[in-house]
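Below: one structure, written as structure tokens.
The values are calculated or read from the model by the stated rules, or taken from the named source; none is laboratory data. Note that the structure is predicted; figures quoted are calculated from it, not measured. Backbone-built Cβ (ideal geometry, glycine too); neighbour counts: all protein chains shown. These area figures cover heavy atoms from the full protein model, side chains too; ligands, DNA and RNA do not enter into them. Shrake-Rupley method; radii C 1.70, N 1.55, O 1.52, S 1.80 Å.
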Amino acid sequence: MDMIFSSSVALLNARNGITSQVGLFWQQTRAPLIVPLLRIVLFVCLALSFMLFVERLYMGIVIAFIKLVRRKPEKKYKWEPMKKDDLELGNFSYPVVLVQIPMYNEKEVYQLSIGAACSLSWPANRIFIQVLDDSTDPAIKALVEQECRRWASKGINIKYEIRDNRKGYKAGALREGMKHSYVNLCSHVAIFDADFQPEPDFLERTIPFLVHNPDIGLVQARWEFVNADECLMTRMQEMSLGYHFTVEQEVGSAIHAFFGFNGTAGVWRMAALNEAGGWKDRTTVEDMDLAVRAGLNGWKFVYVGDLKVKNELPSTFKAYRYQQHRWSCGPANLFRKMAKEIATNKKVSVWKKFYLIYSFFFVRKIIAHIVTFALYCVVMPATVFVPEVEVPKWGSIYIPSAITLLNVLGSTRSMYLVVYWILFENVMSLHRTKATFVGLFESGRVNEWIVTEKLGDALKTKMGSKASRKLRFRVGERVHVLELFVGLHLLFCGWYDFSFGKSRFYVYLFLQAAAFFVVGFGYVGVFVPNS
């Protein structure tokens, strides 16, 4: 008994000794090392945050002016409807258009996209519908081929194309599709992902820009989400993408005649695509890569914001994470590959090169991700332990509030969800920051390409099945360790600030920790029952 007591006392003394040593180390390094280092990091974060604020403010002023003067692209560029029933020319006044639909195991949505493309209002002898099927499931390939044959029997000029490998993924499929002989007859190419459903008048509203303006290389339409109200996560996505479509692309089109191609719901002039070097698979954002190369050749882009194409948002968190990794890693990796090429280009103005390098890439694709996580999830929480380092109110309240308000301009119907959106975006900034560094340093999952899962009507069908079916629960699908770790960190910071601090950051820290826990345990998005 005395031996056990002696061992307990020795263990307690050892723990006290370790605690004392840690405390002594903290006191010795706090003033000469930790305080100056934290001040430097905070200064850098605040400077980056201010740069982001200036960028958002500039975009807000420009979009307000555009809306005030109602400067639509039809007024800026020559646009006339295609001439119909021309007795001399007949349908030959219409350019020949190639419509490409790349797909990969798209069982739930293939009929929607093929049906919408085959219903486009365009002379049947002046259009080719090209279904580029990279599916690996033989049953799905059979279904897609059967659907193509069904439309072909109705007189639609539809081509079902496959290849023996998936090299280059989507970019490889599109590039391979361009090698067929009938493509040489086409002067324009429209691209729709497998879940996109254009209205019948899509070509009639876009092609005239290209026909009457020889310097325009791309016409891009806006996305409209059919499942935005499916769950809170899809509403958050709608808010984020609302700013991209309502502000970023509108301003880019109106001021610089340039924006990043969205990879779908757009029409390219074949000459612009070929002159830029065609599709390349060196990054996971082949669409942006093509747009930058075409822009550097002097081609202009037009964004038609009131032309909307229906599509589906990822409604499972797993699918959304993969998508966000690709969308964050790809642009950073492309910036690494093209920064020098943009800077040394002699075909475009210095102003446009500055816009591409600073605004389009550096601020929006790199700073926006990194500063969100670094400042609000790392640096600000760390200051509760070092009261000597104070975050100024303009950096902790005023500028973040202004950036948030400017961000939600594109989704006024969801402004009442702004608090949830802030917390969710801060959680996602963890993955976007990680993906950005992967792209910048070209490491790890830099070339990872996982097709975003589309559910179509499958979710409703499965949820309507027997209630006895259990939801899957796997570590890595429902439990996300990284989010839980950050959540614990924020919770501890919040507790310390509540107990000993004076900054009152604990209100935010507790809320943000809760958001990380919700996501960490997988309680976001929809849960799809076993099939």
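Overview of values
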item: Test: residue 375 is out of contact with any strand residue (DSSP E or B) (no Cβ under 8 Å at 6 or more places or on another chain) and under 16 Å from residue 446 (Cα atoms); result: no
item: Residue 229, sole failed condition from (1) among the charged types (D, E, K, R); (2) in a loop (DSSP other than H, G, I, E, B); (3) at pLDDT 95 or above; result: (3)
item: So residue 304, is it of a type outside the set (Phe, Trp, Tyr) and touching a strand residue (DSSP E or B) at 6+ places or on another chain (Cβ under 8 Å); result: yes
item: Which listed residue, of 215, 201, 195, 229, is farther than 17 Å from residue 175 by Cβ and free of Cβ contacts under 8 Å to residues at least 12 places away in the same chain; result: 229
item: Within the stretch 273-287, tally of residues that are buried (at least 24 other Cβ atoms within 10 Å of the Cβ) and within 20 Å of residue 95 (Cβ to Cβ); result: 0
item: Cross-chain or 6+ apart pairs with Cβ under 6 Å, the stretch 153-165 first and within 17 Å of residue 116 (Cβ to Cβ), then among the aromatic types (Phe, Trp, Tyr) and outside any loop (DSSP other than H, G, I, E, B); result: 157/128; 158/151
item: Residue within the stretch 248-257 that is hydrophobic (A, V, I, L, M, F, W, C), over 22 Å from residue 63 (Cα atoms), in a helix (DSSP H, G or I) and modelled with pLDDT under 95 present; result: no
item: Helices (runs of 4 or more DSSP H) (entirely within the stretch 314-427) containing at least 1 residues that are among the small types (Gly, Ala, Ser); result: 317-344, 368-373, 399-407
item: Per-region count, the stretch 357-408, residues farther than 30 Å from residue 288 by Cα and of a type in the set (Phe, Trp, Tyr); result: 3
item: Some residue of the stretch 238-245 being touching a strand residue (DSSP E or B) at 6+ places or on another chain (Cβ under 9 Å) and among the hydrophobic types (A, V, I, L, M, F, W, C); result: yes
item: Single condition residue 125 does not satisfy, out of (1) under 28 Å from the mean Cα position of the chain (by Cα); (2) of a type in the set (S, T, N, Q); (3) part of a helix (DSSP H, G or I); result: (1)
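One line per residue, one yes/no per condition, for (1) open to solvent by 30 Å² or more (accessible area, probe 1.4 Å); (2) among the hydroxyl-bearing types (Ser, Thr, Tyr); (3) touching a residue at least 24 places away in the same chain (Cβ under 8 Å):
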| residue | (1), (2), (3) |
| --- | --- |
| 289 | no, no, yes |
| 296 | no, no, yes |
| 301 | no, no, yes |
| 308 | yes, no, yes |
| 311 | no, no, yes |
| 322 | yes, yes, yes |
| 358 | yes, yes, no |
| 371 | no, no, yes |
| 384 | no, no, yes |
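Conditions tested, residue by residue: (1) at pLDDT below 95; (2) within 30 Å of residue 168 (Cα to Cα); (3) open to solvent by 30 Å² or more (accessible area, probe 1.4 Å).
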position: 68; (1), (2), (3): yes, no, yes
position: 74; (1), (2), (3): yes, no, yes
position: 83; (1), (2), (3): yes, no, yes
position: 92; (1), (2), (3): yes, no, yes
position: 96; (1), (2), (3): no, yes, no
position: 105; (1), (2), (3): yes, yes, yes
position: 119; (1), (2), (3): no, yes, yes
position: 123; (1), (2), (3): yes, no, no
